[in-house]
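Written below as structure tokens is the structure these notes are about.
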Amino acid sequence: MGWAPLVVAMLAVVPAAAQGPGHAGMRPQAPLITAPDDPGRQIPSTLSLTESGGVNGFASANDAPPVTADLPSANRPVVVELFTSQGCSSCPPADAMLTMLAGQNDVLALSYHVDYWDYLGWADSFARPEFTERQTAYAHAVGERSVYTPQIIVDGQDTAVAPGPAQLMGLIDAHRFAPAQVTIQRDRTDIGETIELQPLSDLGGKIDVLLIRYAPERPVDMTAGENRGKTVVYTNVVLAMQHLTRWDGLQPLRLTVRADLVGDAAFPDDTRHALLVQRMMGKRALPGPIVAAIRLD
């Protein structure tokens, strides 16, 4: 099979309005948000994003030891996505867990701030509608009708209500040592870095490649809302998502990334970048398993 080349200039991607159904930044077809009066307390039943049923019944963070790991590095990082809000009183412990995870080389921890708690008296300074849409799309993929914070999703597949550190590490370990689905080859060339993705088996459908821009650390002093008077340090705060391409997952895919085009004056100087390679589910192309993640800097 021949290569399917794609030269990616990171600033010249398809705008959200021109993307097809299910692309990042596009609102789901039907409203989903059910915002209880007491965020983080009145929450729906545990979501299970794996076909086998996922993991349920996590203990609270106080019932488990701190997050620690002394394990071999994986070939690719496990992606841990936290959906959080500055206006949610139950979120700071999950935010702290994400900070601990961010120091592990074999984990890509990402913090998405949602906007559906802004009405409680404090507008989240990092919230964007597309992050809420990503969380609702995950819920749609498993037939759920409501979302909540904090929610942690591991590699686009496993989630649970308020996982403690030990339970969360168990989820991460399961994905850390799972068989690879693609091989990744990276080479420096005169025109930039070439990244080649080779499927090792049938990936089960169309694959989206997303560029994630994130800030490594941001402290926030809350002067109103449920976290009034608190200073919370947020780690790997997602600033933007961009859809780069949709891959058939059958033939190898080649992308050329120029480091000098990754940066954007619209974003802070310390902005970092990563690619998520994610299988899309069903006719509506809802987000499913993340088959690879690539740090660009």
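With the requirement that a residue be of a type in the set (S, T, N, Q) and surrounded by 20 or more Cβ atoms within 10 Å (Cβ to Cβ), what does the stretch 112-133 give you?
Within the stretch 112-133, just Thr132 meets the criteria.
Thr159 versus (1) at pLDDT 90 or above; (2) buried (at least 16 other Cβ atoms within 10 Å of the Cβ): which is the lone unmet condition?
It is condition (1) that Thr159 fails.
Any idea which of Ala94, Ala109 is surrounded by fewer than 24 Cβ atoms within 10 Å (Cβ to Cβ), in a strand (DSSP E or B), in contact (Cβ under 8 Å) with a residue 60 or more places away in the chain and not β-branched (Val, Ile, Thr)?
Criteria check complete, one pass: Ala109.
Filter the stretch 275-291 for residues that are within 12 Å of the chain's Cα centre (by Cα) and among the small types (Gly, Ala, Ser) and give the result.
Of everything in the stretch 275-291, just one residue is within 12 Å of the chain's Cα centre (by Cα) and among the small types (Gly, Ala, Ser), namely Gly288.
Touching a helix residue (DSSP H, G or I) at 6+ places or on another chain (Cβ under 7 Å), modelled with pLDDT of 95 or more and among the β-branched types (Val, Ile, Thr) - does that describe any residue in the stretch 223-233?
Taking every residue of the stretch 223-233 in turn, at least one turns out to be touching a helix residue (DSSP H, G or I) at 6+ places or on another chain (Cβ under 7 Å), modelled with pLDDT of 95 or more and among the β-branched types (Val, Ile, Thr).
Tell me yes or no: at least one residue of the stretch 174-190 is surrounded by fewer than 19 Cβ atoms within 10 Å (Cβ to Cβ), assigned to a helix (DSSP H, G or I) and on the phi < 0 side of the Ramachandran plot.
Among the residues of the stretch 174-190, at least one is surrounded by fewer than 19 Cβ atoms within 10 Å (Cβ to Cβ), assigned to a helix (DSSP H, G or I) and on the phi < 0 side of the Ramachandran plot, which makes the answer yes.
Which is exposed (fewer than 14 other Cβ atoms within 10 Å of the Cβ) and either more than 23 Å from Leu296 (Cα to Cα) or out of contact with any helix residue (DSSP H, G or I) (no Cβ under 9 Å at 6 or more places or on another chain) (or both), of Pro216, Pro252, Pro199?
Just a single option satisfies the conditions, and that option is Pro216.
Please verify whether Ala240 is touching a Lys or Arg at 6+ places or on another chain (Cβ under 7 Å) and not in a loop (DSSP other than H, G, I, E, B), treating the condition exactly as stated.
Yes.
Could you tell me which residue of the stretch 143-156 is surrounded by the most Cβ atoms within 10 Å (Cβ to Cβ), considering only residues that are touching a helix residue (DSSP H, G or I) at 6+ places or on another chain (Cβ under 7 Å) and under 20 Å from Asp208 (Cα atoms)?
It comes out as Asp155.
Based on what the data block shows, is Ser89 touching a residue at least 24 places away in the same chain (Cβ under 8 Å), more than 19 Å from Leu211 (Cα to Cα) and outside any helix (DSSP H, G or I)?
For Ser89, the condition - touching a residue at least 24 places away in the same chain (Cβ under 8 Å), more than 19 Å from Leu211 (Cα to Cα) and outside any helix (DSSP H, G or I) - is met.
Restricting to the stretch 95-142, name every residue that is touching a helix residue (DSSP H, G or I) at 6+ places or on another chain (Cβ under 8 Å) and polar (S, T, N, Q).
Ser111
Need the failing condition index for Ala215 against (1) outside any strand (DSSP E or B); (2) under 23 Å from His243 (Cβ atoms), just the number.
(1)
The values are calculated or read from the model by the stated rules, or taken from the named source; none is laboratory data. What you see is a predicted model; the values in this text were computed from it and never measured. Glycine gets a Cβ as well: all are built from the backbone with ideal geometry, and neighbour counts include every protein chain shown.
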